[in-house]
Amino acid sequence: MIRKNSKYYFLSVLVAVILLSQSLIGQNCSKKKLATKEMREDYDYRGQSLFVELGNSDSTKLKIVLYSKQNYKIFVVGEQKLGTINYQIFVPRKKFNRVVKDVQPKKVAIYKKDPEGFYLYNNSGNRIAIGEELIQDTTWTRETADIEELVYDSRKAEFPYWLATPNKTQLVTIKVLVDPAEKVISGCVGLYVGREYSNIYQFRR
């Protein structure tokens, strides 16, 4: 009796391992060809592309480094069963704001003017002072803030991809959102980050 139960237990464990292995294989999105050859063109996508499993209403973010003087093609594509997949690309920018540094009361002279608003001068060529008034002397300074500027939105873009050749190396954020659906399902989504070298003398993988 003990041997019979042990045999059933072993078979149960074996079936569970096989099902788990099949599940893991099914979830390996990097093995799926989500983008066609026409979409990929001659770019190299091996460096920073990301393949994930998402469901309806899910979102994810990917930060990538774009190196200066190199051409990039970025796009997002998923399995057809997921429906519409939108994505946005943000680039870091510096925003400069003029702000008040200090405000101090200050006395200034009041000078006499003619009916048309021009200053009147005495025989020595100096303005004619008629009193003083108290004003607020404001000192200004400049503050710098780091912001993320939206440079691409798939919902408004003319093309389903973003092409860029940055002048300097910078960190870029890609945000992906899968549209909601009545029946929530999951599927593979690929964030394709393709690169080619604009300098033909550079080494190309």
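Read the figures in this text as sums done on the coordinates, not as results from a lab. None of these values were measured; they are calculated from a predicted model. FYI the Cβ positions are ideal-geometry reconstructions off the backbone, even for glycines, and counts take in every protein chain you see.
Across the cross-link table entries 61/81; 63/175; 63/168; 73/168; 33/81, which are compared at the Cα atoms, the separations over 19 Å belong to 61/81. Among all the aspartates and glutamates, which ones have a C-alpha under 19 Å from residue 37's C-alpha, if same-chain residues fewer than 8 places away are not counted? Cross-link targets: 79, 196. Applying the Karplus relation 6.51 cos²θ - 1.76 cosθ + 1.60 with θ = phi - 60° to region 108-118 yields 3J(HN,Hα) values of 10, 6, 9, 10, 6, 10, 7, x, 8, x, 8 Hz, where x marks Gly and Pro. The residues packed around residue 102, meaning those with a beta-carbon under 15 Å from its beta-carbon, carry a net charge of +2 if Lys and Arg are +1 and Asp and Glu are -1.
Rounded to whole numbers, the Karplus 3J(HN,Hα) couplings from phi for region 63-69 are 9, 10, 9, 9, 8, 4, 6 Hz, using 6.51 cos²θ - 1.76 cosθ + 1.60 with θ = phi - 60°, and x at Gly and Pro. For region 89-142, GluC sites (Glu not before Pro) meeting the loop criterion (DSSP other than H, G, I, E, B) and having at most 12 other Cβ atoms within 10 Å: 116.
List the trypsin sites (Lys or Arg not before Pro) within region 64-149 that fall in a DSSP loop (any state other than H, G, I, E or B) and whose Cβ has at most 16 other Cβ atoms within 10 Å.
Details: sites: 69, 73, 81, 93, 94, 95, 98, 101, 106, 107, 112, 113, 127, 142; in loops: 69, 112.
Counting only loop positions with at most 16 other Cβ atoms within 10 Å, the trypsin sites (Lys or Arg not before Pro) in region 64-149 are 69, 112.
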